[in-house]
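Below: the structure, in structure tokens.
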Amino acid sequence: MDNPSDLTDLSAAELATALATRETSSGAVTRAYLDRIDALDGGLHAFLHVDHDGAVDAADEIDRRRAAGDDLPKLAGVPIAVKDLLCTVGQPTTAGSRILEGWLPPYDATVVTRLRRAGMPILGKTNLDEFAMGSSTEHSAYGPTRNPWDPDRTPGGSGGGSAAAVAARLAPLAIGTDTGGSIRQPGALTGTVGVKPTYGGVSRYGVVAMASSLDQVGPVTRTVLDAALLHEVIGGHDPMDSTSIDAPVPDLVQAARRGDVQGLRVGVVKELGGEGFQSGVQERFEESVALLTGAGATVVEVSCPSFEHALAAYYLVMPSEVSSNLARFDAMRYGLRAFPDGVEDPSAEQVMAATRDAGFGDEVKRRIILGTYALSSGYYDAYYGSAQKVRALVARDFEAAFREADVLVSPTAPTTAFRLGEKLEDPMAMYLQDVATIPANLAGVPGLSLPAGLAEDGLPVGVQFLAPLQCDDRLYNAGAALERLLLEKWGSPLTAEVTA
Amino acid sequence: MSDEPPTAPTPQISRDDVAHLAGLARIQLDEAELDRLGRELPKILESVATVSQALEGAGDVQPMSHPTPLRNVFREDVVRPSLKPEDALAAAPASEGQRFLVPKILGEE
Amino acid sequence: MTTTTELVPFEEAIARYEPVMGLEVHVELHTATKMFCGCPALFGGEPNTNVCPVCLGLPGALPVVNEKAVESAIRIGLALNCEIAEWCRFARKNYFYPDMPKNFQTSQYDEPIAFDGSMDVEVDGETYRIEIERAHMEEDTGKSSHMGGATGRIHGADYSLLDYNRAGIPLIEIVTRPIFVPAEKAPAVARAYVQQLRDLVLALDVSDARMDQGSLRADVNLSLRPHGTSMLGTRSETKNVNSFRSVERAVRYEVTRHAAILDAGRKVVQETRHFHEDTGTTSSGREKSDADDYRYFPEPDLAPVAPSREWVEELRKTLPEPPSERRRRLQAAWGFSDLEMRDTVGAGALDLVARTIDAGASPQSARKWWLSELARRANEQGVDLASLPISPEQVARIQALVDEGAINDKLARQVFDGVLAGEGDPDAVVASRGLAVVSDEGELSAAVDRAIEANPGVAEKIRAGKVAAAGALIGAVMKEMRGQADAGRVRELVIAKLS
């Protein structure tokens, strides 16, 4: 089974089996993906950096170990792409920003360490909105990523690179990060599976911080089972992250293999859908709900009134943390150092200010200024303080909803993939892309988006499940069930056809 | 983090305010950027200022700074390896004598 | 700015104004590792050797709290009679400065781990209660060196070099409430408070508490108000005063400076000031401004700290005895008079004397060396006793050499010189300087004979029974022996030979 296109068609679970039974080798798989990246990524720009040598070396090493009879982890030899927000030794980490152009971190993110330990060759680093701030990947300082379904459209964001790479089969798996929907919304727009684990479920150590209390790392895959397999590799307690949960991760792969919604109480969140949602998106969502009902789930409507204010709260909490987290980019210890024009013998202070002007893009500056305002004296209570209270209300609404339902369900994003440039000049319109994904980040609960077929415009639609804190297994159970039902209905996996 | 009751100030933010904030945030914004943010920020603030409405009638709500109820996450006082100085300094824009070299510092702390 | 104003003498100033002080003391903990990472909490060595992604503020790095630092903070809080928070958080203090890697300091803001405490300070036999507002945990900054230019100071430098070994070392900041004491006592009370705080953290064994090395730093806030008024005046904040003596002098100077400004009908500027050891004056630092909007918010990367009551009570059991009880106990044990005890405490020598006694010296000898010989030298050098490069163990050893008769008091002073000059331990100094008392009877006897021969008149008087005259001969012998003789033995020889 060494035909390159066959290899790149396989899911990660299938690849793992083929590798374990030695039907193929990690070297062959990794080279097939690298060849495909070389052939296709010029048009897509899903990658900011491709590590040909490092990936092949890691693959060959796994093949040697397998030949030597080593007992290898499940996904050993399956290559993966990593969002360029995670620190990687030996590969630049830019966060999609000029201010970190060419930065070579002296340490690996914990998630990257776990991928290496699992024997997974890292193909390269994927594109993203600068510092993960955006919903279209157009805010990358290195140019936008295009949607494999239509190159005139965005793949969503901020993790457009990871989603496009997986959708276009440039990687079987990818790592994303989700602060307000950056894994799930691109998943919806590219027809991929994306999971935001419970806050604290996956280590943030070595992940360039955007908003610390909201950021979470998660899998980007083509199937629900693949996501569970990858989640188990990266999840679990990390003593280097004080917000990491010190408890065993529930058995996610088992849940994904079960995929049974018989008797499951599924809550449809009244506030997440309807007005403002594209009709084709709404149709696919309702179809999914009907499929779940048909498979024996009990569908109930739940109301989470505070969700109406979640977006507003998010756009206060997030920029506040951003303004502080991004203060360290100051030209003193690493990264860009720019000098002010026309100033002879500039001071450190002037160099800092000039560097932060030259090195940050418009969206990043907008959020830093907004966050600086929200935290400044006299405004703290009205803005940041109130936002954190709304956040508590959102968590309270989730608790109430989860008394009535085992999982919640909603459309992932209000629209299908939009055109490049369409929302670039209208920040508020762009922010609305995350209206359905943000509540989960505010409350810390896990969410999974999976492809639910195509809308009237022929573009993919995503449906998301949400579960209580530390009940990520419920997402995989419900997600796998819906995935199977949709597959039966739509007939084939809904992948994009990408040609050079 | 004080006890003042939250009030929703009318989100008026002038171009001068933006310049002041940019100073606090250490970003040397140019004139065009100040103009643009001076136009955009009031709109954004107007929409986010609705957070205080959400609290009307909500009673006493504790602000939520952390999404999980973790407490007392500590590390034992045991030394771990530091970076090699050459790795610590590898990305420095400039260095001298194993120290980070930066332009003259004007202000004091 | 206002330094041209003629200063008002202290006594005049306090006749018209009442000083109100606030003291902020930073105690650097001597934990093995830093506050939020596993790097050694050591600085002063090779630059940037004790740094990692966390304390360098690299993108993606996250802090984890050092449990020992929390424990130390709680113990300090308990020793200061503070309440210990049931629940508190770290906060970020946001401001840009090159020696601060994240451009925010992880500190505590309105939720300190310890609050509402007090410490009784004794000055001239009177006890003053200093109220403690709070003690909170935070991290230290890196160190910048300003290069080029004429002075090596911040102004006029060409560039700066940064060493982050100190960045992230745990600090406990202890803040008093406004201190109201009789005006004339204010400088001494400030000094006594810092001294006593230092003794306390040493007894707790949480810090080296060396002011000269910056592991204990005091900021002196001071304002004046006319006697009989209740509104507080505008205060100045004199930063990083680095000796007990300087704390006292800084208070004294700021009183005279504020008084001059107020007398002239002008306004005191709210600003930070620097204290200058050489002149005993302060100079203007940085004025308070809009830029002091620190935008504090709870640190999202750290979980709240909620010490269990069991833990707190367990730590309470590890506290040393309270300072006032300890003073009473030691005074009784040492047999010091009230005056002797007061002088010892006042000189900041209580701990030094105690440790010298622990190392084997008698109470009176320990007191004598620290309060006379060493106090004089510290005074000459303008440093605190504790900063002298001599340990209580070394002082005890010198006394032991005297007790053994190996040296006498005069030679002991030379041994002090040697130890303070860095020539090594007392025994090494005695050996290298050749200071041992001469006990060779033949040599001594010959020297006595020579002295008798050279002073026939004196010898005659002694023969005639005027034994008191022996002193002149003893002096002559001691001079010849360059002090290295046992004076008692010389006296015996003189009298034996002349009777």
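The values are calculated or read from the model by the stated rules, or taken from the named source; none is laboratory data. Just so you know, these numbers come straight off a predicted model, no measurement behind them. Here Cβ is always computed from backbone atoms with ideal geometry, including for glycine, and neighbour counts include all displayed protein chains.
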Residue by residue through the range A:126-177, note down the ones that are among the basic types (Lys, Arg) and closer than 25 Å to A:Ala59 by Cβ.
A:Arg169
If you take just the helices (runs of 4 or more DSSP H) that sit entirely in the range C:338-393, which of them hold at least 2 residues that are within 18 Å of C:Pro323 (Cβ to Cβ)?
C:338-346, C:350-358
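Of all the residues that make up the range A:85-105, how many are more than 16 Å from A:Gly54 (Cα to Cα) and either assigned to a loop (DSSP other than H, G, I, E, B) or in contact with a His (Cβ under 6 Å, 6 or more places away or on another chain) (or both)?
Count: 8.
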Regarding the range C:319-341, can at least one residue be identified that is within 15 Å of C:Ala73 (Cα to Cα) and surrounded by 15 or more Cβ atoms within 10 Å (Cβ to Cβ)?
yes
Among what's in the range B:18-52 and is more than 7 Å from chain A (Cβ to nearest Cβ) and in contact (Cβ under 8 Å) with a residue 24 or more places away in the chain, pick the residue that is surrounded by the fewest Cβ atoms within 10 Å (Cβ to Cβ).
B:Glu46
Sole miss for A:Asp341 among (1) over 21 Å from B:Leu101 (Cβ atoms); (2) at the interface with another protein chain (Cβ under 9 Å from one of its Cβ atoms); (3) among the charged types (D, E, K, R) is condition (2)
Only residues that are of a type in the set (A, V, I, L, M), more than 7 Å from every other protein chain (Cβ to nearest Cβ), over 16 Å from C:Pro298 (Cα atoms) and crowded, with 24+ Cβ neighbours inside 10 Å: list them for the range A:347-380, please.
A:Val364
Name the single residue that is farthest from B:Val79 (Cα to Cα) among those in the range C:52-86 being without any contact (Cβ under 8 Å) to a residue 60 or more places away in the chain and not in a loop (DSSP other than H, G, I, E, B).
C:Glu83
Meets criteria (of a type in the set (Ser, Thr, Tyr), modelled with pLDDT of 90 or more and either within 30 Å of B:Leu70 (Cβ to Cβ) or assigned to a strand (DSSP E or B) (or both)) for C:Thr272
yes
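Please work out if A:Glu130 is over 15 Å from the mean Cα position of the chain (by Cα) and either within 14 Å of chain B (Cβ to nearest Cβ) or crowded, with 24+ Cβ neighbours inside 10 Å (or both). Before you say what the answer is, go through the steps one by one.
Working: over 15 Å from the mean Cα position of the chain (by Cα): no; either within 14 Å of chain B (Cβ to nearest Cβ) or crowded, with 24+ Cβ neighbours inside 10 Å (or both): yes.
The answer is no for A:Glu130.
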If the Cβ limit is 7 Å and pairs must be 6+ apart or interchain, which residue in the range A:209-236 that is more than 25 Å from A:Glu483 (Cβ to Cβ) pairs with which residue that is of a type in the set (Asp, Glu)?
A:Ala209/A:Asp215; A:Ala211/A:Glu321; A:Ser212/A:Glu321; A:Ser212/C:Asp301; A:Ser213/A:Glu321
Let me spell it out: the conditions are (1) away from chain C (no Cβ under 14 Å); (2) assigned to a helix (DSSP H, G or I), and A:Pro248 meets all of them except one. Which number is the exception?
(2)
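Here's the yes/no breakdown for (1) under 21 Å from B:Pro63 (Cβ atoms); (2) facing another protein chain (nearest Cβ under 8 Å); (3) aliphatic (A, V, I, L, M):
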site: A:Ala382; (1), (2), (3): yes, yes, yes
site: A:Gly385; (1), (2), (3): yes, yes, no
site: A:Ala400; (1), (2), (3): yes, no, yes
site: A:Leu408; (1), (2), (3): no, no, yes
site: A:Pro411; (1), (2), (3): no, no, no
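Test A:Ala395 against the stated conditions and say whether it is within 12 Å of another protein chain (Cβ to nearest Cβ) and at pLDDT 95 or above.
Criteria met by A:Ala395.
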Out of (1) among the charged types (D, E, K, R); (2) over 30 Å from C:Pro63 (Cα atoms); (3) within 22 Å of the chain's Cα centre (by Cα), the one A:Asp84 does not meet is (2)
Unmet criterion (only one of (1) farther than 30 Å from C:Val268 by Cβ; (2) more than 31 Å from the chain's Cα centre (by Cα); (3) part of a loop (DSSP other than H, G, I, E, B)) for C:Arg295
(1)
It is to be established whether one or more residues within the range A:431-444 are farther than 30 Å from A:Leu393 by Cα and in contact (Cβ under 8 Å) with a residue 12 or more places away in the chain.
no
Leading residue by the ranking (nearest to the other protein chains (Cβ to nearest Cβ)) among those in the range C:66-98 that are within 28 Å of A:Arg333 (Cβ to Cβ) and of a type in the set (Ser, Thr, Tyr):
C:Tyr97
Look through the range C:188-238, keep the residues that are assigned to a helix (DSSP H, G or I) and among the basic types (Lys, Arg), and return whichever of them is nearest to C:Val27 (Cα to Cα).
C:Arg198
Check C:Ser145 against each of (1) touching a residue at least 60 places away in the same chain (Cβ under 8 Å); (2) more than 17 Å from the chain's Cα centre (by Cα) and name the one condition it does not meet.
(1)
B:Lys104 is checked against (1) more than 7 Å from chain A (Cβ to nearest Cβ); (2) surrounded by 15 or more Cβ atoms within 10 Å (Cβ to Cβ); (3) of a type in the set (D, E, K, R) and fails just one. What number does that condition carry?
(1)
Consider C:Thr272 against the criteria (1) touching a residue at least 24 places away in the same chain (Cβ under 8 Å); (2) under 30 Å from B:Ala22 (Cβ atoms); (3) buried (at least 21 other Cβ atoms within 10 Å of the Cβ): it satisfies all of them except one. Which criterion is unmet?
(3)
C:Leu319 versus (1) out of contact with any Gly (no Cβ under 9 Å at 6 or more places or on another chain); (2) part of a helix (DSSP H, G or I): which is the lone unmet condition?
(2)
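A quick yes/no check of all residues on (1) farther than 19 Å from C:Val121 by Cβ; (2) of a type outside the set (A, V, I, L, M):
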| position | (1), (2) |
| --- | --- |
| C:Lys288 | yes, yes |
| C:Asp293 | yes, yes |
| C:Glu321 | no, yes |
| C:Glu325 | no, yes |
| C:Gly346 | no, yes |
| C:Leu352 | no, no |
| C:Gln364 | yes, yes |
| C:Ala375 | yes, no |
| C:Asn379 | yes, yes |
So how many residues does the range A:211-223 have that are more than 12 Å from the chain's Cα centre (by Cα) and either within 11 Å of chain C (Cβ to nearest Cβ) or more than 19 Å from A:Gly160 (Cα to Cα) (or both)?
4
From the list A:Gln282, A:Gln254, which one is under 20 Å from A:Ile438 (Cα atoms) and either away from chain C (no Cβ under 14 Å) or among the polar types (S, T, N, Q) (or both)?
A:Gln282
